[in-house]
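Q: Here it is: the structure, laid out below.
Rule-based calculations on the coordinates, nothing more; no lab input. On a predicted model such as this, the values are computed, not experimentally measured, just so you know. FYI the Cβ positions are ideal-geometry reconstructions off the backbone, even for glycines, and counts take in every protein chain you see.
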Amino acid sequence: MILTQNLTKRYGKTLAVNNLNLNIERGVIFGLVGENGAGKTTALSMLATLTLPSSGRAYVCGHEVTREPQAVRRSIGYMPDSFGVYDDLTVIEYLRFFAQCYGVERRVISRRAEELLERVRLADKREDYVNHLSRGMQQRLEVARCLMHDPDVLILDEPSSGLDPKSRLEMRSVLAGLRDLGKTVIVSTHILNELAEVADEVGILLRGELVAVAAVQVMVQHSSAYRTIVIDGRDLGDRFMKALMGDPHVAEARPLAPGWEILYAGTLAQQAELLSRLVSEGFAITQFREQPTDIEQLFLRLAAIQEGVVT
Ligand SMILES: Nc1ncnc2c1ncn2[C@@H]1O[C@H](COP(=O)(O)OP(=O)(O)OP(=O)(O)O)[C@@H](O)[C@H]1O
């Protein structure tokens, strides 16, 4: 449904997107994760035909973005990372206006608008002015707006950005509900955890390059198998590192300042054995505590396993 082949965008010396290769099947919700400046907006706006690629190709619903931009535009709903507020339109007028721009049949418009307002939980706001809605509501309205012409593909650029935790949760459940519609969705965020319950697959973009792609289900299985443990103490240098890596359940050890952070794949009993062995080997340990596993670190590790870089 969405295919890119070495898709690249340069802005002068900046390589905003570098040889991006994506293959997103019909009905898949794909999360594109990256820090600010990683290239998410540039990648999505090339798919949305708003930015011309410097090289490479991108196809949406079989149409190439530079050769058939009109056909691409008809088949997508695009939510940019920022949008204007419409002062003098009510919620329902706003949806009707966009549907008319897309040439949606009049008899379809009202029914679809009502259905979508239910879906994004704004049915009781249908007569409110758009600029009186909270930011979270406006962003949910944008999702409904993207769906008014019933496109096969949705391209959503940071739909949760700038939202408070409650609005983020509401947006998350709206996005999860898109699965029932069978749409193919590409959605960007800088917080991987945001997408864990929503996306089927996730790709990590780092300085314009896609460094990892994995199925979310596999990631979740791994996250329950691994625990993150922080260890602190005196003189925990190279000898300590060797002692850690001698334990078959230590998947990864990273020095912190001070101490170490390890990714541990053993049972609680094995974890206790590790602590007692370290103490009996003479290491002065002042802290040995578990903390929530950083899903991003796990993801990169999983990607490295898939590529055969680590085991
Ligand atoms: N129009 C432009 N002209 C010049 N450089 C640009 C332009 N748009 C983006 N860039 C640069 O390209 C890189 C990728 O930017 P992009 O906006 O795609 O990243 P992003 O992942 O969407 O980040 P953010 O979440 O901050 O929007 C950045 O270094 C940015 O400064």
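Q: Could you tell me whether region 50-60 includes any residue that is within 15 Å of the ligand (Cβ to nearest atom), buried (at least 18 other Cβ atoms within 10 Å of the Cβ), more than 16 Å from the chain's Cα centre (by Cα) and closer than 20 Å to residue 158 by Cβ?
A: yes
Q: Is it true that some residue in region 62-79 is within 18 Å of residue 203 (Cβ to Cβ), among the charged types (D, E, K, R) and surrounded by 14 or more Cβ atoms within 10 Å (Cβ to Cβ)?
A: No, region 62-79 has no match at all.
Q: Let me ask something else. Let me confirm something: among 95, 44, 116, which residue is assigned to a helix (DSSP H, G or I), touching a residue at least 24 places away in the same chain (Cβ under 8 Å), within 30 Å of residue 217 (Cα to Cα) and away from the ligand (no atom under 16 Å from the Cβ)?
A: Result of the check over 95, 44, 116: 116.
Q: Further, regarding this structure: Can you tell me how many residues in region 22-41 are closer than 23 Å to residue 216 by Cα, within 12 Å of the ligand (Cβ to nearest atom) and not acidic (Asp, Glu)?
A: 8
Q: Also: Filtering region 147-164 down to residues that are in a strand (DSSP E or B) and within 16 Å of the ligand (Cβ to nearest atom), which residue is nearest to residue 80 (Cα to Cα)?
A: Per the criteria, the residue is 156.
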